[in-house]
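Participant: The structure under discussion is supplied below as structure tokens; questions concerning it will follow.
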Amino acid sequence: MRARSTTSLVRGLQVSAALALTALFLIALFLCGCGEDEGPAADGTAPAKIADLAAGAPTYSSVALAWTAPGDDGTAGQASQYDIRYSTSSITKITEANWDAAARCTGEPMPKPAGSAEGFTVTDLFEGTEFQIAIKTGDEVPNWSRISNVVVVTTPHVMNYEFVTKWGSQGTGEDQFEMAVAVACDAAGNVYVGDASNMRVLKFSPSGAFLTKWGSEGSAEGQFTFIEGIATDAASNVYVVDSKGYRVEKFNSDGDFLTEWGEHGISPGKFGYPCGIAIGPSSNVYVADWDGRVQVFTSNGAFLKQWGSEGWGNGQFEQPYGIAVDSDENVYVDECGNSRIQKFNSQGAFLAKWGTLGSAEGQMKNPHELAVDRAGNVYVADFHNHRIQKFDSDGNFVIAIGGYGAGDGEFNLPTGVGVDRSGNVYVADTGNRRVQKFSPAP
């Protein structure tokens, strides 16, 4: 028995050794084969650069592009994707170096076979602005082409607005107002209205459908004594000026109270009588104080700086009411007492002014709230002229909307104005106790 066991063990060891040698031999063959034939080479050829990109038919919010499709490999085959980008003149010209800083379009077409005619309409632009547009083409790897030729196009100003809808009447119901004095739009296009006499904020859809409301009379958190201004930030938080409460209150978009700051006084961080409010791209909060100054706070109410004094000179104010901030953080302030608008940089340095007392184009009678659109145009609620005036960022008159009356497109003492991302204009038509909506007309 012992001899048989020994023999079996020897045979087993021999078989294991043979298997091991076979495995080593196969591995060696595989490695040798890999050295002789590495398979197909990786695709390292990018699509060709587009050289004939053209732009035409600009509207205030779009432009049509046309070009010839390149291939998958150079000018042959069919590529897999396009990357179309645009930028404003803040970038002198789109280049390979600053490509990632440009805004990418959505909904780009799938490439057609090489040599085919391609087209695409870039939307979500804004009026009166120079844009640079370019394309890159990618294959399935993806290998990306070099940047195409850059086209430059300027969108025209909107020179006409058409009445769209209205909502509201006198009362305390869900879509009623006693004194609609302030209006602001959030990132989704929802509209917030400050109803001063009913001591509340109402939220509506872009078409005027009631969504929610909050507030009541009082000085506790979430209550109001008299609303003058309202603004929203990039996160759709809502800031409300409670003027007779000498404070700013901050809420989320559903009306939940977040924080507040301010009290009556003349020292920094206190208010004589706060009116207008605006949020800059830095998220800083700018407040127009009736006592002749602008105060700046963080989004949570920490005081940062102030400028201005009572008077008629540059950088002085007589009853400042409305305030707005553009994408470059320039600050626009209108004055009820001086019937003019002043423009400052974010540090309070005076830049320009326009407007005098009167009813002609560019003149004003006790202007109230201000708004700024994405292109930097300034909209002013020209209170006693019963109209909205629109200016470019340098103060040049563009167009007026409205006139005295109670019909569609007419106003009775408009106090508040707001503009959404698409350029729609909302007006707090105070004397008529309603909100009106206008859209850019072709």
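Participant: Tell me which residues come under 5 Å, amide H to amide H, from residue 258 once H is placed; ignore anything under 5 positions away on its chain.
Facilitator: For residue 258, the qualifying residues are 250, 251, 252.
Participant: List, in order, the whole-Hz ³J(HN,Hα) value for each residue of the stretch 171-176 obtained from phi through the Karplus relation with A = 6.51, B = -1.76, C = 1.60 and θ = phi - 60°; use x for Gly and Pro.
Facilitator: Going residue by residue, I get x, 10, x, 5, 10, 10 Hz, with x marking Gly and Pro.
Participant: Setting aside same-chain residues fewer than 8 positions from residue 353, which lysines have a Cα under 16 Å from its Cα?
Facilitator: The qualifying lysines are 343, 365, 390.
Participant: Can you work out D for the stretch 192-349 in µm² s⁻¹ from Stokes-Einstein, where Rh is the Kirkwood radius over C-alpha pairs, the temperature is 20 °C and the viscosity is 1.002 mPa s?
Facilitator: Translational D for this selection: 138 µm²/s.
Participant: How large is ³J(HN,Hα) for each residue in the stretch 257-268, as worked out from phi by the Karplus curve 6.51 cos²θ - 1.76 cosθ + 1.60 (θ = phi - 60°), to whole Hz, x for Gly and Pro?
Facilitator: 5, 10, 6, 8, 7, x, 7, 6, x, 10, 6, x
Participant: Give the carbon-plus-sulfur fraction of the accessible surface of the chain in %, rounded to a whole number; probe 1.4 Å, heavy atoms of protein chains only.
Facilitator: Carbon with sulfur: 52 percent of the solvent-accessible area.
Participant: For residue 258 and residue 59 in one chain, what is 0.36 nm times their gap in residues minus the Cα-Cα distance, to one decimal in nm?
Facilitator: Contour length minus the Cα-Cα distance gives 67.6 nm.
Participant: Would you compute, from DSSP H runs of 4+ residues alone, the mean residue ellipticity of the chain at 222 nm, taking -39500 (n - 2.57) per run and dividing by the full residue count, rounded to the nearest 500?
Facilitator: Estimated from H runs of four or more residues: -3000 deg cm²/dmol.
Participant: Using bins 10 angstrom wide from zero, how does P(r) for the chain break down, in % of all Cα pairs?
Facilitator: Cα pair-distance distribution for the chain, in percent: 4, 18, 23, 18, 12, 8, 5, 3, 4, 3, 2, 1, 0.
Participant: Could you state the accessible area per residue of the stretch 302-442 in Å², with a 1.4 Å probe and every protein chain left in place?
Facilitator: Per-residue accessible area for the stretch 302-442 comes out at 35 Å².
Participant: Okay, moving on. Tabulate in residue order the Karplus-calculated ³J(HN,Hα) for the stretch 142-154, using 6.51 cos²θ - 1.76 cosθ + 1.60 with θ = phi - 60°, rounded to whole Hz; enter x for Gly and Pro.
Facilitator: Per-residue couplings from phi come out as x, 8, 10, 5, 6, 4, 5, 4, 9, 9, 10, 9, 10 Hz.
Participant: Under the rule of at least 5 residues apart or a separate chain, name every residue whose amide H is placed under 5 Å from the amide H of residue 317.
Facilitator: For residue 317, the qualifying residues are 309, 310, 311.
The values are calculated or read from the model by the stated rules, or taken from the named source; none is laboratory data. It should be emphasised that the depicted structure is a prediction, and the values quoted were computed from it without experimental measurement. Side chains included, ligands, DNA and RNA excluded: accessible areas come from the protein's heavy atoms. Shrake-Rupley method; radii C 1.70, N 1.55, O 1.52, S 1.80 Å.
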